[in-house]
1. Could you check I7 against (1) over 24 Å from D117 (Cα atoms); (2) open to solvent by less than 30 Å² (accessible area, probe 1.4 Å); (3) not in a helix (DSSP H, G or I) and say which number it fails?
2. For segment 84-116, which residues satisfy the criterion of being part of a strand (DSSP E or B), in contact (Cβ under 8 Å) with a residue 24 or more places away in the chain and over 18 Å from K289 (Cα atoms)?
3. Can you tell me which condition A69 does not meet? The list is (1) free of Cβ contacts under 8 Å to residues at least 40 places away in the same chain; (2) touching a Lys or Arg at 6+ places or on another chain (Cβ under 9 Å); (3) within 26 Å of E303 (Cα to Cα), and all the others hold.
4. So in segment 264-290, with the set limited to residues that are within 17 Å of the chain's Cα centre (by Cα) and small (G, A, S), which one is surrounded by the fewest Cβ atoms within 10 Å (Cβ to Cβ)?
5. Go through segment 14-32 residue by residue and tally those that are open to solvent by 10 Å² or more (accessible area, probe 1.4 Å) and touching a residue at least 12 places away in the same chain (Cβ under 8 Å).
6. Every residue in segment 67-85 that is of a type outside the set (V, I, T) and either closer than 22 Å to I123 by Cβ or touching a helix residue (DSSP H, G or I) at 6+ places or on another chain (Cβ under 6 Å) (or both), please.
7. Within segment 145-177, take every residue that is over 21 Å from E12 (Cβ atoms) and charged (D, E, K, R) and give me the one that is least open to solvent (accessible area, probe 1.4 Å).
8. Can you find, within segment 119-167, the residue that is nearest to I7 (Cα to Cα) among those that are small (G, A, S) and not in a strand (DSSP E or B)?
Amino acid sequence: MFTEKDIVTIGEGLIELSSPSSLITTETFNKSYGGDTLVSVVAGARLGLKTGYITKVGNDHFGEYLMDAWSVENIDISQVKLSNGLNGFYFLTKENDGNKATYYRKKTAASELSIDDINFDYIKNTKMFYATGFVQSLSLSCAEVVREIYSFAKQNNILTAYNVNFSGNVWSAQEAKEAFEEIAQNIDILIIDAKKDAPAIFGFDSVDKIIKQTSDMTIKTVIIKDDDSVYLDNEGQVIQEKRIQFEHSSAGNLTGINAGFNGVFLNYYLNKSPYEALKYAICAEFLQKQKIGAVRSIPTKQEIEELYNRIYE
């Protein structure tokens, strides 16, 4: 019998090698890790959630490092499988045009994940399951896994959250649209970027149109990110919150920001109202932009709540 989890997610763990200098000139890197759903689940774990992660990692020293690091974060890795495939990685450096991430992630071990690797009794013992369009893009078998888990979750009254996270570097807008439509009827919480995601799956970037579209689809809770604001449509009640802006300069780190926001929002969604959860996530986003690294930049619960109290209380 599995112990109950607050959130279980599925995805791809990547080795992160970061430097405050250019990739051309730097001689040393800091080792960490990243991945869109992975950053979200780490954020949740650091805020006190009982979390689980499903993936495959390459059976090498990098794979051992990843699994050890996730265990340190108190993430349950009992459903992480070993593979002879490769572990993906990326360089995070500071170039003349700003911070840049350079990825090497083709056909990683995580892309080999299949329905045979999923223990549905494990899924049944979670309050919420979370995935992204990027996870679906890893392979046809990963897309099948996401589709089947969302269907299972719906049948078993498990909350589902989904972030579109469209990237034209990994698949086409049509492919992303089709993957989204396969699970749309089973999504409870949708997180979507008006400028990056909506044109791919809906064909437009208007916030009003997105709200109308997702309302027609009867999705309970929708987060829409748009330039300087974030919108929350919770069962027809829409609020707009401004992002916290830097006073004197633009933000630096952007790696993992969306994933960190999502993880914090989903954490507080389970423990607070959706409107409070949105504000906590906005605070986390602002704090995370001031550090470097997908996981190393995630703020603490104390930092998030202190900023929340200064701004919203």
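1. Of (1) over 24 Å from D117 (Cα atoms); (2) open to solvent by less than 30 Å² (accessible area, probe 1.4 Å); (3) not in a helix (DSSP H, G or I), only one is false for I7: (1).
2. L86, F89, Y90, T102, Y103, T108 - these are the residues of segment 84-116 that are part of a strand (DSSP E or B), in contact (Cβ under 8 Å) with a residue 24 or more places away in the chain and over 18 Å from K289 (Cα atoms).
3. Only one criterion is unmet by A69, namely (2).
4. The qualifying residue surrounded by the fewest Cβ atoms within 10 Å (Cβ to Cβ) is A277.
5. Pass one, segment 14-32, residues open to solvent by 10 Å² or more (accessible area, probe 1.4 Å): 17, 20-31.
Filter once more, so that each one left must be touching a residue at least 12 places away in the same chain (Cβ under 8 Å): 17, 20-23, 26, 29-31.
Matching residues across segment 14-32 total 9.
6. At the first step, the residues of segment 67-85 found to be of a type outside the set (V, I, T) are 67-71, 73-74, 76, 78-79, 81-85.
Result: M67, W70, S71, E73, N74, D76, S78, Q79, K81, L82, S83, G85.
7. Within segment 145-177, the match that is least open to solvent (accessible area, probe 1.4 Å) is K177.
8. Taking segment 119-167 first, the residues small (G, A, S) are 131, 133, 137, 139, 141, 143, 151, 153, 161, 167.
Now narrow it down to the ones that are not in a strand (DSSP E or B): 133, 137, 139, 141, 143, 151, 153, 167.
Numbers: G133: 18, S137: 21, S139: 23, S141: 22, A143: 19, S151: 17, A153: 12, S167: 24 Å.
Going through the qualifying residues, I end up with A153.
The values are calculated or read from the model by the stated rules, or taken from the named source; none is laboratory data. Note that this is a predicted model, so its numbers are computed, not measured. Cβ sites come from the backbone with ideal geometry, for glycine too, and all protein chains shown count toward neighbours. Accessible surface areas use protein heavy atoms only, side chains included; no ligands, DNA or RNA. Shrake-Rupley method; radii C 1.70, N 1.55, O 1.52, S 1.80 Å.
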